[in-house]
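The values are calculated or read from the model by the stated rules, or taken from the named source; none is laboratory data. Here the structure is a predicted model, which means the values were calculated and not measured. Glycine also receives a Cβ, built like all others from the backbone with ideal geometry; neighbour counts cover every protein chain displayed. Protein only, heavy atoms only, side chains kept; ligands, DNA and RNA dropped before computing areas. Shrake-Rupley method; radii C 1.70, N 1.55, O 1.52, S 1.80 Å.
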Amino acid sequence: MSTIVSIIIIAAVIIVLIFAWYKEKPSPSRPEFSETDFPLIFNDKSILVEGPNYNEIREVCIEFCEKYNVKQYNVIVKLIRLNPTSTLLIFPYEIDFQHYCYLVNYLKFPIGQNYSADVKGWLTSKKLDEWMDSRSVNKKIMVYNHSDIKYADGVNYTTMDQLGFRINFNEPGKASELEQPVEKYAPFSLKIQELNLSRGEIITSRD
């Protein structure tokens, strides 16, 4: 066997062993959650879910967090039970607009859950928010789902001055402006600062 062939064989064996080592090497695990590791960040993001009971919403939030908190905590939700069929979600450690929209959508169309829910969210938009149209920046907006199931893979939002937009999760770029909003903007009726937020429950994963 020639020297060149021997070198090629040895190199191939080394490559296979390296590939197998990386394949078997465990991926970094998500660190254990501790509230002291995350600074409180003021924001006015909230989501109100009406219809299902608290335990149903809690389970859906756990499933969502399991999906998006794989190696780090992208979604930290605080759940507050307002009454038997109304649950408020707030985000004391902030959440980016992309995951926020995904969550509004998932709460309406959860996998493995069979319930009927009215889901609406409120926040003040920012220039750097994913999908945000320039005409929506720095305005209070209301985010919600379309009633037609064919628009289930996305959300709508209406600005405080009644401009309507559609976000399609499968299409890159800015939100599409609508001729008229699917729903008119209505401000959030509850004053979060007046709620007893200490009674809420932090959700980050199933653990």
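In the stretch 104-119, the residues that are over 19 Å from Phe169 (Cβ atoms) form Cβ pairs under 6 Å with partners that are acidic (Asp, Glu) and open to solvent by 60 Å² or more (accessible area, probe 1.4 Å), at six or more places apart or across chains, as follows: Asp118/Glu50.
When Lys184, Lys174, Lys150, Lys127 are checked against the criterion of being farther than 22 Å from Lys67 by Cα, assigned to a helix (DSSP H, G or I) and open to solvent by 60 Å² or more (accessible area, probe 1.4 Å), a single residue qualifies: Lys150. Remark: pairs (first residue in the stretch 42-61, closer than 24 Å to Gln98 by Cβ; second residue open to solvent by 10 Å² or more (accessible area, probe 1.4 Å) and among the aliphatic types (A, V, I, L, M); Cβ separation under 6 Å; 6+ apart in sequence or on different chains) = Ser46/Ile90. You will find that of Asn145, Asn156, the residue that is touching a residue at least 12 places away in the same chain (Cβ under 8 Å), buried (at least 19 other Cβ atoms within 10 Å of the Cβ), within 19 Å of Leu88 (Cβ to Cβ) and not β-branched (Val, Ile, Thr) is Asn145 and no other.
Residue by residue, here is whether (1) under 18 Å from the mean Cα position of the chain (by Cα); (2) open to solvent by less than 50 Å² (accessible area, probe 1.4 Å); (3) modelled with pLDDT under 55 holds:
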| position | (1), (2), (3) |
| --- | --- |
| Ala11 | no, yes, yes |
| Ile18 | no, no, yes |
| Ser29 | no, no, no |
| Glu35 | no, no, no |
| Tyr54 | no, yes, no |
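Which of the residues that make up the stretch 87-115 are under 19 Å from Asn156 (Cα atoms), open to solvent by less than 10 Å² (accessible area, probe 1.4 Å) and not in a helix (DSSP H, G or I)? The answer is Leu89, Ile95.
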